[in-house]
Structure formats: C-alpha cells, structure tokens
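The values are calculated or read from the model by the stated rules, or taken from the named source; none is laboratory data. These numbers were taken from a predicted model, which means no experiment stands behind them. Note: areas computed on protein heavy atoms with side chains; ligands, DNA, RNA excluded. Shrake-Rupley method; radii C 1.70, N 1.55, O 1.52, S 1.80 Å.
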Amino acid sequence: MDHNKMVAGKVKKPGKRGRKPAKIDLKAKLERSRQSARECRARKKLRYQYLEELVSSKERAICALREELDMYKQWCLAMDQGKIPSEIKALLTGDEQKAYSVHNQVT
C-alpha cells in the first residue's frame, strides 16, 4: 500500500509536520543562550533590589505608625487620669498649627 499522498500535483511523503530545523551555528546558539542567561540574571537582580526597597519603605512606615500609636496610647492614659493633653486641647480649640507642631515633636 502506498502511503504517499497527492496534493496539488506533488507527492507528499508522510512524516514530521512543520518546518525542518535550520542548521544553526552551534557557537551562535551558545552565545545567544549565554546572553539570555545574562539578561535573566540582570532582571532578577533588579527585581530583588525593587523588593528590598519596598520592604525597607514598609518597615519605615510601620515604625512611624507604631510611634503614632504610642502617642495615642499616652493621650488615652492621660485622659483616663483626668488630664487633657495639650495636643488635644489645641485640636479642640481649632489651633491646628500648634497641634501640628506639637504632634511633629512627639513623632
């Protein structure tokens, strides 16, 4: 039985489909692979730098929030003792500029 097919007047032999691999120079292929690896390492390094900076900024934000929380805890303790902190007095009287400067001295 003949397995060859006739397509548009040409005889096609069965086998692998698609393009045949081109004969690539082995040195060029190796150099492309090395270049790709260098680029991959550079991208990885940039990614890690970005993540380290992100972690650092988040840690700074956490420290600032902890300081602010401590300040609010101190205010609450003072109010529990019947004292009104000067920062809250300034906020209640509308003297926000004074409250802002006192707040920044605490943090």
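Determine which single condition residue 71 fails, assuming it passes every other condition in (1) modelled with pLDDT of 90 or more; (2) open to solvent by 70 Å² or more (accessible area, probe 1.4 Å).
It fails just one condition, (2).
Given the conditions (1) at pLDDT 95 or above; (2) open to solvent by 60 Å² or more (accessible area, probe 1.4 Å), and given that residue 96 satisfies all but one, which numbered condition is not satisfied?
For residue 96, the exception is condition (1).
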